[in-house]
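Single-structure report; data block below.
The values are calculated or read from the model by the stated rules, or taken from the named source; none is laboratory data. A quick note: this is a predicted structure, and the numbers were derived from the prediction, not measured. Note: ideal-geometry Cβ built from the backbone for every residue, glycine included; neighbour counts use all protein chains shown. Ligands, DNA and RNA are excluded from the accessible area calculation, which covers all protein heavy atoms including side chains. Shrake-Rupley method; radii C 1.70, N 1.55, O 1.52, S 1.80 Å.
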Amino acid sequence: MTCKVENNLSEGVWWNTARTEGGEYRYTPGGEYPNDLKMTFFTFACQHCDNPACVGACPTGASQKREDGIVIVDASICIGCDSCIAACPYEGVRTHLENPSWCFDFNMGDCAAPTHLANTVEKCTLCSHRIDRGELPACVEICQSQARYFGDLDDPESEVSKLIAERDYDLLLEDQGTGPNVYYLK
């Protein structure tokens with residue numbers, strides 16, 4: 001919810017979702033009943049890849065990788081062709097915004113959050129507007145259980161680099177060659 005409010009996301013648009021891994025359906029465990037059932041929850045959003053397939057597929061250059069590694073979409077030049085959506089192996093992290101609509105007659109969230117234009121593609125920006133001010137992404141700042149970390153993966157002294165060095169982790173669809181930068185610590 002913090003992401004939705006912070007970025008003034010349109011109705012029905014979620015840049016960050018909670019998913020389950022286990023059974024065939026959401027919120028169901030996998031395995032054999034009664035002693036071998038397992039279900040894992042994880043958050044799912046853009047993986048801000050080293051080699052983002054979306055950037056190469058975008059005919060206008062709207063999908064871009066910033067110098068700091070954050071992958072963004074420049075709505076002012078996006079033509080809504082959905083090439084980036086088709087190229088991205090992380091199904092559902094990008095949204096084609098057909099006709100944005102909101103519950104309220106006024107904007108919510110940060111005034112520097114991206115503008116939402118009809119017939120464009122949107123995705124998690126890691127709250128780049130906050131990063132540019134030296135702040136944490138809203139989801140990291142609000143997480144009371146401190147389950148989310150953010151930092152410079154190129155700095156071995158950063159908290160996030162130290163955590164990755166000392167703990168096991170999973171990377172999603174690592175075999176796709178995109179070089180995901182969201183680490184799921186175990």
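Structure notes:
Okay, residues lined up against (1) modelled with pLDDT of 95 or more; (2) under 14 Å from the mean Cα position of the chain (by Cα):
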residue: Ile131; (1), (2): yes, no
residue: Leu136; (1), (2): yes, no
residue: Val140; (1), (2): no, yes
residue: Ser145; (1), (2): no, no
residue: Arg148; (1), (2): no, yes
residue: Asp152; (1), (2): no, no
residue: Val160; (1), (2): no, no
residue: Asp170; (1), (2): no, no
residue: Tyr184; (1), (2): no, yes
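- Candidate set from the stretch 1-16 (those that are part of a loop (DSSP other than H, G, I, E, B) and hydrophobic (A, V, I, L, M, F, W, C)); member that is modelled with the lowest pLDDT: Met1
- Arg19 vs. criteria of a type in the set (D, E, K, R), within 30 Å of Asn107 (Cβ to Cβ) and open to solvent by 60 Å² or more (accessible area, probe 1.4 Å): yes
This table checks each residue for (1) surrounded by fewer than 18 Cβ atoms within 10 Å (Cβ to Cβ); (2) of a type outside the set (Gly, Ala, Ser).
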{"site": "Val93", "(1), (2)": "no, yes"}
{"site": "Glu98", "(1), (2)": "yes, yes"}
{"site": "Asp110", "(1), (2)": "yes, yes"}
{"site": "Asn119", "(1), (2)": "yes, yes"}
{"site": "Leu153", "(1), (2)": "yes, yes"}
{"site": "Glu159", "(1), (2)": "yes, yes"}
{"site": "Gly179", "(1), (2)": "yes, no"}
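- For beta carbons closer than 7 Å, sequence separation of 6+ or different chains, a first residue in the stretch 40-52 that is part of a strand (DSSP E or B) and a second that is surrounded by fewer than 23 Cβ atoms within 10 Å (Cβ to Cβ) and of a type in the set (Asp, Glu), the qualifying pairs are Thr40/Glu21; Phe42/Glu21.
- The set of residues from the stretch 60-85 being hydrophobic (A, V, I, L, M, F, W, C) and more than 18 Å from Gln47 (Cα to Cα) comprises Ala75, Ile77, Cys78, Ile79, Cys81.
- Lys4 of a type in the set (Lys, Arg) and either open to solvent by 80 Å² or more (accessible area, probe 1.4 Å) or in contact with a strand residue (DSSP E or B) (Cβ under 6 Å, 6 or more places away or on another chain) (or both): no
- Residue tally, condition in contact (Cβ under 8 Å) with a residue 24 or more places away in the chain and in a helix (DSSP H, G or I), over the stretch 104-129: 1
- Residues in the stretch 137-147 that are open to solvent by less than 70 Å² (accessible area, probe 1.4 Å) and free of Cβ contacts under 8 Å to residues at least 40 places away in the same chain: Pro137, Val140, Cys143.
- Selection within the stretch 130-150: residues that are in contact with a Cys (Cβ under 6 Å, 6 or more places away or on another chain) and part of a helix (DSSP H, G or I). The member of this set that is farthest from Ala18 (Cα to Cα) is Ala138.
- Some residue of the stretch 65-74 being closer than 18 Å to Leu171 by Cα, part of a strand (DSSP E or B) and either open to solvent by 40 Å² or more (accessible area, probe 1.4 Å) or not small (Gly, Ala, Ser) (or both): yes
- Within the stretch 56-70, residues that are of a type in the set (D, E, K, R) sit with their Cβ atoms under 6 Å from residues that are assigned to a strand (DSSP E or B), at 6+ positions apart or across chains, in these pairs: Lys65/Val71.
- Of the residues making up the stretch 26-52, those that are more than 22 Å from Asp152 (Cα to Cα) and either surrounded by 14 or more Cβ atoms within 10 Å (Cβ to Cβ) or of a type in the set (A, V, I, L, M, F, W, C) (or both) are Pro29, Gly30, Leu37, Met39, Phe41.
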